[in-house]
1. Working carefully through the options Arg60, Arg23, Arg50, find the one that is in contact with a strand residue (DSSP E or B) (Cβ under 9 Å, 6 or more places away or on another chain), surrounded by fewer than 14 Cβ atoms within 10 Å (Cβ to Cβ) and not in a strand (DSSP E or B).
2. Are there any pairs with C-beta distances below 8 angstrom linking a residue in segment 1-20 that is in contact (Cβ under 8 Å) with a residue 24 or more places away in the chain to a residue that is surrounded by 12 or more Cβ atoms within 10 Å (Cβ to Cβ) and among the acidic types (Asp, Glu), with the two at least 6 apart or on different chains, and if so which?
3. The conditions are (1) assigned to a loop (DSSP other than H, G, I, E, B); (2) within 20 Å of Lys65 (Cβ to Cβ), and Ile32 fails exactly one of them. Which is it?
4. Taking the criterion of being β-branched (Val, Ile, Thr) and without any contact (Cβ under 8 Å) to a residue 60 or more places away in the chain, would at least one residue in segment 51-65 satisfy it?
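Just so it is clear, none of the values below were taken in a lab; they were calculated from the coordinates. Every value quoted in this text rests on a predicted model; they were computed, and no experiment measured them. Cβ atoms come from the backbone with ideal geometry, glycine included; neighbour counts cover every protein chain shown.
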Amino acid sequence: MEELVEYVAKSLVDDPTSVKVRRRDSGSSVVIELHVAQHDTGRIIGKGGRVANALRALLRAGESKNKRIVLKIS
């Protein structure tokens, strides 16, 4: 899942070298943290949060029954 988020993020931003993806397991959920350059944050969130919601929908489609996947963007 981290590879998918990283691929999509690098495709959207102006500075793909600044994209960092980190995975943290916390109990019954998995937190995927996406860090991009400050000037690229708007591209990842999208107008009205549409891009971020689309990324979250992709993650929900791939989540297992026991673990919930959460995407945090910063």
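1. Details: Arg23 fails: not in a strand (DSSP E or B); Arg50 fails: in contact with a strand residue (DSSP E or B) (Cβ under 9 Å, 6 or more places away or on another chain).
When all the criteria are applied, what remains is Arg60.
2. Pairs that qualify, where the first residue is in contact (Cβ under 8 Å) with a residue 24 or more places away in the chain and the partner is surrounded by 12 or more Cβ atoms within 10 Å (Cβ to Cβ) and among the acidic types (Asp, Glu), are Leu12/Asp40; Val13/Asp40; Asp14/Asp40; Asp15/Asp40.
3. Here Ile32 clears every test but (1).
4. Within segment 51-65, one or more residues are β-branched (Val, Ile, Thr) and without any contact (Cβ under 8 Å) to a residue 60 or more places away in the chain.
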